[in-house]
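Worksheet: one structure, shown below.
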Amino acid sequence: MLSVFSDESPGNKGYLSVDTIPQGLPVYVDGNMVGKTPLTKYEVTEGNRVVSIAAEPCFQSVLFYTWNRTVYVRHEKETKILIIPQPVKTKINVGTVDIDGEKHEGHQVFIDGVYVGDQPGTFDVPLCSQLMEIADKNSNVVIQSSTLDLMKGKVTQREERDYKITGTITHELKKVPDTILFEKVDQ
């Protein structure tokens with residue numbers, strides 16, 4: 001007689017909630033796309049589930065998935081996962097800013113609301129960054145803003161300026177941690 005044991009109990013359901021920073025990344029459970037983050041209380045059969053996030057080309061990956069891990073889901077419990085993938089970086093060169101014939105330098109550079117340094121300079125930034133703002137160091141008022149498409153090598157100057165920067169101003173640059181998993185099972 002052959003006995004097969006499984007860590008799954010047919011019919012017993014649990015829940016997966018998956019979030020990422022940034023949000024909106026595709027989520028796969030056992031190889032099937034089930035939605036985008038934030039994914040809330042997605043019902044699955046109890047047992048080991050393979051949870052994957054696909055985020056190429058913006059985030060570092062191995063083969064197709066940026067993040068891929070087996071997670072155990074318990075009967076009638078919610079397993080919560082927060083994933084912070086490591087972005088693919090590129091360099092951007094920010095020179096002096098010419099406004100009405102006047103050259104400006106020594107101002108703060110923000111990429112998607114995060115301070116990266118003072119211009120002029122070359123900065124390592126996430127490949128999929130979308131907005132660059134250069135703000136006056138004394139007043140935090142934006143003197144130039146640009147839309148970014150770094151995969152195509154495009155920087156398009158926007159008309160919007162003279163607004164106060166809303167990003168995080170810090171003169172201490174923080175390294176983005178490697179992919180992080182916060183996994184919590186409700187008791």
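The values are calculated or read from the model by the stated rules, or taken from the named source; none is laboratory data. Small disclaimer: the values here were computed from a predicted structure and weren't measured. Because the Cβ atoms are built from the backbone with ideal geometry, glycine has one as well, and the counts that use them run over all protein chains shown. The protein model used for the area step is the full one, side chains on, heavy atoms only, and it has no ligands, DNA or RNA in it. Shrake-Rupley method; radii C 1.70, N 1.55, O 1.52, S 1.80 Å.
Among the chymotrypsin sites (Phe, Trp or Tyr not before Pro) in the stretch 35-128, which ones are in a DSSP loop with at most 15 other Cβ atoms within 10 Å of the Cβ? Mind listing them? Mind dumping the intermediate values first?
Working: sites: TYR42, PHE59, PHE64, TYR65, TRP67, TYR72, PHE110, TYR115, PHE123; in loops: PHE64.
Sparse-neighbourhood loop chymotrypsin sites (Phe, Trp or Tyr not before Pro): PHE64.
Mind ranking 13-24, 152-163 by how tightly packed they are, going by the mean number of other C-beta atoms within 10 angstrom, highest first? Mind showing how you got there, number by number?
Numbers: 13-24: 17.1, 152-163: 10.6.
Peptide ranking by packing, descending: 13-24, 152-163.
Considering only protein heavy atoms, what per residue accessible area in square angstrom results for the stretch 11-54 with a 1.4 angstrom probe?
Value for the stretch 11-54: 44 Å² per residue.
From the convex hull of the Cα coordinates of the stretch 25-70, what is the mean projected area in square nanometres?
Computing the convex hull of the Cα atoms and averaging its projections yields 3.3 nm².
Give the span of the stretch 1-132's Cα atoms along each principal axis, as three whole-Å numbers ordered largest to smallest.
In descending order, the Cα extents are 86, 26, 18 Å.
Write down the Kirkwood hydrodynamic radius of the stretch 93-161, to one decimal in angstroms, obtained as one divided by the mean of 1/r over all alpha carbon pairs.
12.1 Å
Calculate what fraction, in whole %, of the accessible area of the stretch 39-89 sits on carbon and sulfur atoms when a 1.4 Å probe is rolled over the protein chains. Display every interim value, and only then the final one.
On the way: 1310 of 2570 Å².
Looking at the stretch 39-89 in its full context, I get 51 percent from C and S.
If you wrap a convex hull around the Cα atoms of the stretch 67-127, how much volume per residue is inside, in Å³? It would help to have the intermediate numbers written out before the result.
Numbers: hull volume 6.3 nm³, N = 61.
Considering the Cα atoms of the stretch 67-127, their hull volume per residue is 104 Å³.
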